[in-house]
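Q: Below is the structure I would like to discuss, written out as structure tokens.
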Amino acid sequence: MVKKDEEMSVSSETKGPLKSFQALMGEGEKFSRDKLYTKAIQCYTEALDLLPPDEDKATEKDITDRLNGLVARSACYLKIGKNDLSLQDAEQSLKTNKEFTKGLYQKAEALYAMGEFELALMFYHRGKKVRPDLREFQLGINKAQEAIDNSVGDPNRVKLEASGDLSIFYKNDEKKKQPMGYVRASQKKDTTVQRKQHAPVANPKTTKQILGDLYEDRAFLEKIINNTVVTKANTKTGDAIYQLASEGLDYLDSRTEFWRQQEPLYARSRFIKKLEGDEESYKHIRHELEAIDDQQNKDQFLDARRRGQRLLDFCDRLDERKFAEKQSVLADVYSRLGNAYLELGDYNKSLEYHNRDLKIAETKLFSERSSRALDNLGRVYARSGQFPQAIQVWEKKIPLATSSLEKAWLFHEIGQCHFGLGDYERSKRYGERSFTEAVAVNDTVWQLNAKVLVAHSQTKLRQYREAEQTFVEALALAKDQNDVAAERAIERAMKEAQDQIAKGAADTPPDRTEINYEIKVRSNDNILYGDDDRSTIRLTIYGDNGSSGAIDFRTDENDPKKYDGQSITFKKKALDAGKMTKITLSCTDIESWPLDSIEVTDSKRKAKHRFILAAPIDATTTVVDLYLEGSIVSSDGTTKDEKKSKMLGTLVSRQSPQTTKRTEPVPPSNRTNDGNKNSKTTKPDEKKSKTTKSDEQKTPKKETTTDKKPTPATSTVNEPSSNSNKRYTITVQTGSVASAGTDANVFLSLYGDKNKIIRYQLQKSKNNSDPFERGHKDEFEFDNIDIGQLKTITIEHDGSSITSGWYLDFIDVTYNNNTVNFPIDRWLAIDEGDKRISLELEPNTKPTSKIAPEDTNAENATEYEITVKTADKRSAGTDANVYISLFGDKDKLERRQLKEAIDRKLNLFESGATDRFQVFAVDFGKLKRIRIEHDGRGIGSGWYIDSIEVRYVARNETYKFPVDRWLDSGEGDKKISLDLEPDKKPGQLKDENNTDQEEGNTEQKRDTTDE
């Protein structure tokens, strides 16, 4: 993984952002929009603390900032029910300016929430007097007056029926005795009722949702008003009936408008709508979403994840014909689950749910939600060190960014990612763009961060004089913010730039040697040039040493003939870019070029990498990036592989700092008489039930947490009755090559002639607090059953860290005063060698590569046809790499990848699909068993296999292997490798925590029912 320069950014996730009023206010606003009110209050409080405490010394801008900060914090206090604190902040804002409109409104809102309706009404009126144009004050007056009226006592609701003869009212009125005597005109009272027109309902459906049962009353009153007989004009009874009906309509219309404003989720939210017949569902969803927000606001991410899964299961069962906004509700749940998994350190799950959110947002054309999902996806990729993916996702977000502050942050983060990939020119440009946006909003924090990024990029580009000047400007910003740590970091970096200037290194070529690169271009057709004279194509390779410099796409530097775009191999000499991270093509006057990929071989490191286009090349293209295979993000937010359009390189996880320590004891080992040697575990917060993936949603998972590393669920069976336990001492020597250590969970299995110990976790080293570090020798001791004479061992890790690759020198196992040595001297890594993270070892025998070569051209090659049927059920398919091993009575074929089907289809192992493969290998005789496995790559790598058939074509012999189970690190016994015998269905080991988990599931199901 390419690591960021530790001093490159003054603001980082580990150090926290530098304190600036505008930056903290911006963070607070974001937290407030996300309903993380406690965090928003913290930001607003820190922002207010930065302002001068003495108002006499404060500038006019400081006073305005203080008022806005107090009002914003008051609104957040109100959201979490701390009405008294909300009132205090509102009153504090009014001390400086008694006619501060936001302060008046916030004080009225606080008083209303406290039940002081009369006082709230007074401040609503006061605010309306100052700003009569603001509708909020009029709506506040309406709701306060309504609350005062209702507090006297609820009137009896008498439902009138529009039936019967109502003419008796006006007939009786006409029969009344007229006054006797003469009445002068001046003595006559004008009793004429002014009649106004009542506008019809603009949106009957929405109004009906808001009013509920009262909608029928409104329809009745509207019918009365339109009845000219009942409301006959210029008659006492008619006018009275009209006036009463008119007042009723006005009241219901004002109530409608009030509810529309006060409860937007009830009335018009596109996220959740209250529909007929779904009142209980609506209430439950709203309650659960608010509860999840509250739990995340309190950093209770495990509880939020569990509650989100329950809500997701509930929403899945909704009938979309009755609940039209089901997809929008699901998107909200996906977003919350993605955030919870991110904070828990499970990047795969976080990506999965944020991608689901993005898919719905794009389908429904919700630009704000698309921006939210892209923002979250970029954070996940960046936090896990996947810089190419983060760049691609965040660049899609740029057109959706609405504020300069958001753009300042976005450009800075994209620049950081380019810096991490060695593209310092691009990181410099993005830093400059970030600075421009930060200046637009007068945010000095992001101005400082942008300047630091630009200066570091200039240093890497050997532009030391420009870097010195940029550091001077950054230092001035740091001093203005009184950030001592930033000042020291900048001064150190500036001194290094000055030293380079003194040495005469400014603007000189990089002091790196040139090496040979072999560049293999694969194109689907010729290039269409726009201008033969001016058209050029140049390639630049980037790595951890920087760039190689531009490489011209001509067969020879002196050859004016242009490259035609066909597939070809170049051999070029260029600067050593180090370990390659990406390549860039610079094109001028190119109309189109259907480029497929470019493969670059580094002669110094003997490393070969294939790069895929991030965007097509057309007439608008000037610069295009090509990223390593498996790093291209498709339109749905997932990464693409050459074989599958939705394949994602494995993202690994760390436990979150918020994860609490494990309280229950962990058994030291597993004792078993049967089971597979290559089972794989998962992280504790991914535990699932033992049958189907849908159970993940139906049944909340039992939580386990860890200390330093996740302690996985391990497989157990009935323990044999043996009192003769033995002591085992395991010595593990990690290699001394670069990045040899691992932070993944490591497991060891011991196989003897009497018994076996399956997947004992090597967790607490006797001599090192942090085991499996580069060059370390770690010792582990434990007591367990007597396995007899040790025959073989299996060493494996679960890939659960960002740098999980592990170079292992050897393992010694000591028992019964006897030491057995297992030499290894190789990588256990998904991106090295044969990509294995599990090894079966024999004493004193060094393992060899397990990737089976293609034996198509061998003289003794035998043809086999392998048919793999994936079960037809939800999420049964996989995007992982699948391998098969065949073991016969004569020979064996180990770990042949099933990557090209006979029918040449691209998407293999999909749900309900049957895939057939042709394999050529040695004749291994009668087939005894097979091993099917996958490498766990990709989101949703779990695979439910129905069956496998192996046909010996020459002899027309067919061996059938029923499977009917998951190969998933999060299902059942957590295995992703399975040994099978013909016509025998495999057993499935139970998780040792299944009993506890089932009990927990029962309780959680009961909780769901109660809710």
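Q: Among the listed pairs Lys30/Lys208; Lys766/Lys974; Lys82/Lys143, give every one whose C-alpha distance is greater than 23 Å.
A: Long pairs (Cα-Cα over 23 Å): Lys30/Lys208; Lys766/Lys974.
Q: Taking 60 Å as R0, compute the FRET efficiency from the Cβ-Cβ separation of Val472 and Thr729 and round it to 0.05. Each step should come with its number before you reach the end.
A: Numbers: r = 60 Å, r/R0 = 1.00.
Calculated transfer efficiency: 0.50.
Q: Excluding Asp294 itself, calculate the net charge of residues whose Cβ lies under 13 Å from the Cβ of Asp294, where each Lys or Arg counts +1 and each Asp or Glu counts -1. Write out the running numbers ahead of the final one.
A: On the way: positive: Lys35, Lys39, Lys79, Arg286, Lys298, Arg307, Arg336; negative: Asp34, Glu288, Glu290, Asp293, Asp299, Asp303.
Summing Lys/Arg as +1 and Asp/Glu as -1 gives +1.
Q: Report, by chain and number, residues whose modeled amide H sits under 5 Å from the one on Arg937, excluding near sequence neighbours (fewer than 5 apart, same chain).
A: Long-range HN contacts for Arg937: Asn881.
Q: Compute, for segment 725-841, the length of the dipole vector about the Cα centre, with Cβ point charges of +1 (Lys, Arg) and -1 (Asp, Glu) only. Units Debye, rounded to 20.
A: Values: 13 positive and 18 negative charges, 68 e Å.
The calculated dipole for segment 725-841 is roughly 320 debye.
Q: Got a sec? Which residues in segment 391-427 would a label at Ala440 touch, if it sits 7 Å along Cα→Cβ and we count backbone N under 14 Å?
A: Counting backbone N atoms under 14 Å from the label point, the list is 398-412.
Q: What is segment 287-502's relative contact order, in percent, from Cα pairs under 8 angstrom and six or more apart in sequence? Walk me through the numbers before you get to the answer.
A: Details: 275 pairs, mean separation 21.8, N = 216.
About 10 percent, as a whole number.
Q: What ranking do 605-614, 577-586 get when scored by the average of other Cβ atoms within 10 Å per residue, highest first? Please report the intermediate quantities before stating the final value.
A: Details: 605-614: 15.7, 577-586: 21.0.
Going from most to least packed, we get 577-586, 605-614.
Q: Continuing with this model, one more query. Taking each pair of different alpha-carbon atoms in segment 725-841 once, compute 1/r for the pair, average those values, and report the inverse of that mean as the Kirkwood hydrodynamic radius in Å to one decimal.
A: Values: mean 1/r = 0.0701 Å⁻¹.
About 14.3 Å, per the Kirkwood formula over Cα pairs.
Q: If you look for lysine pairs in segment 287-502 that are eight or more places apart or on different chains, how many of them have Cα atoms under 19 Å apart?
A: Lysine pairs meeting the criterion: 19.
Q: Please report, for the Cα atoms of segment 287-502, the Rg to one decimal and the Dmax as a whole number; what are they, in angstrom?
A: Cα radius of gyration and Dmax of segment 287-502 are 20.9, 75 Å respectively.
Q: Moving on. So what's Rg/Rh here for segment 21-152, counting alpha carbon atoms and using the Kirkwood radius for Rh?
A: Working: Rg = 15.1 Å, Rh = 15.2 Å.
When Rh is taken as the Kirkwood radius, the ratio is 1.00.
Q: If you don't mind, there's one more thing I want to ask. Quick one: if the Förster radius is 30 Å, what FRET efficiency do Glu981 and Asn817 give, using the C-beta to C-beta distance and rounding to 0.05? Walk me through the numbers before you get to the answer.
A: On the way: r = 38 Å, r/R0 = 1.26.
Step by step, r from the Cβ atoms, then E = 0.20.
Q: If each of Arg916 and Asp872 carries a label point 7 Å out from its Cα toward its Cβ, how far apart are those two points in nm?
A: That separation, rounded to one decimal, is 1.8 nm.
Q: May I ask which residue of Val333, Asn355, Gln416 lies farthest towards the positive end of the charge dipole of segment 287-502, with charges of +1 (Lys, Arg) and -1 (Asp, Glu) on Cβ and the Cα centre as origin?
A: Looking along the dipole axis, the top candidate is Asn355.
Q: Can you tally the net charge around Arg605? Count Lys and Arg as +1, Asp and Glu as -1, for every other residue whose Cβ sits under 11 Å from the Cβ of Arg605. Present the calculation step by step, with values, prior to reporting the outcome.
A: Working: positive: Lys579, Lys604, Lys606, Lys608; negative: Asp576, Asp602.
For residues surrounding Arg605, the net value is +2.
Q: If amide H atoms are built 1.01 Å from N in the plane of the peptide, which residues on other chains or at least 5 residues away come under 5 Å of the amide H of Val746?
A: Amide H neighbours of Val746, under 5 Å, 5+ apart: Leu762.
Q: Further question on the same structure: Could you rank the peptides 288-297, 591-600, 407-416, 618-627 by their average count of other C-beta atoms within 10 Å per residue, with the highest value first?
A: Working: 288-297: 19.4, 591-600: 17.9, 407-416: 25.3, 618-627: 15.9.
Descending packing order for the listed peptides: 407-416, 288-297, 591-600, 618-627.
Q: List the pairs from Lys791/Lys835; Lys726/Lys846; Lys928/Lys984; Lys726/Lys791; Lys572/Lys899 whose alpha-carbon separation is above 22 Å, in the order I gave them.
A: Flagged as over cut-off: Lys791/Lys835; Lys726/Lys846; Lys572/Lys899.
Q: Would you mind estimating how fast segment 514-627 diffuses translationally, via Stokes-Einstein at 4 °C and 1.567 mPa s with the Kirkwood radius over Cα pairs, in µm²/s?
A: Details: Rh = 14.1 Å.
Estimated via Stokes-Einstein, D reaches 92 µm²/s.
Q: While we're on this one: Defining a contact as two alpha carbons under 8 Å apart and six or more residues distant in sequence, what relative contact order in percent does segment 454-541 show?
A: Once divided by the residue count of segment 454-541, the mean separation gives 28 percent.
Q: For segment 567-579, take each phi angle, set θ = phi - 60°, evaluate the Karplus expression 6.51 cos²θ - 1.76 cosθ + 1.60, and give the result in whole Hz per residue in order, putting x for glycine and proline.
A: With the stated coefficients, segment 567-579 comes to 4, 7, 10, 9, 10, 10, 9, 8, 4, 6, 7, x, 5 Hz.
Q: Of the listed peptides 230-242, 21-33, what is their order by residue-averaged count of other C-beta atoms within 10 Å, with the highest listed first?
A: Details: 230-242: 17.9, 21-33: 20.5.
Per-residue mean Cβ counts within 10 Å order the peptides as 21-33, 230-242.
Read-outs: derived from the displayed coordinates by stated rules, not from any lab. Just so it is clear, the structure is predicted and the values come from calculations on it, not from any experiment. All Cβ positions, glycine included, derive from the backbone under ideal geometry; neighbour counts span all protein chains shown.
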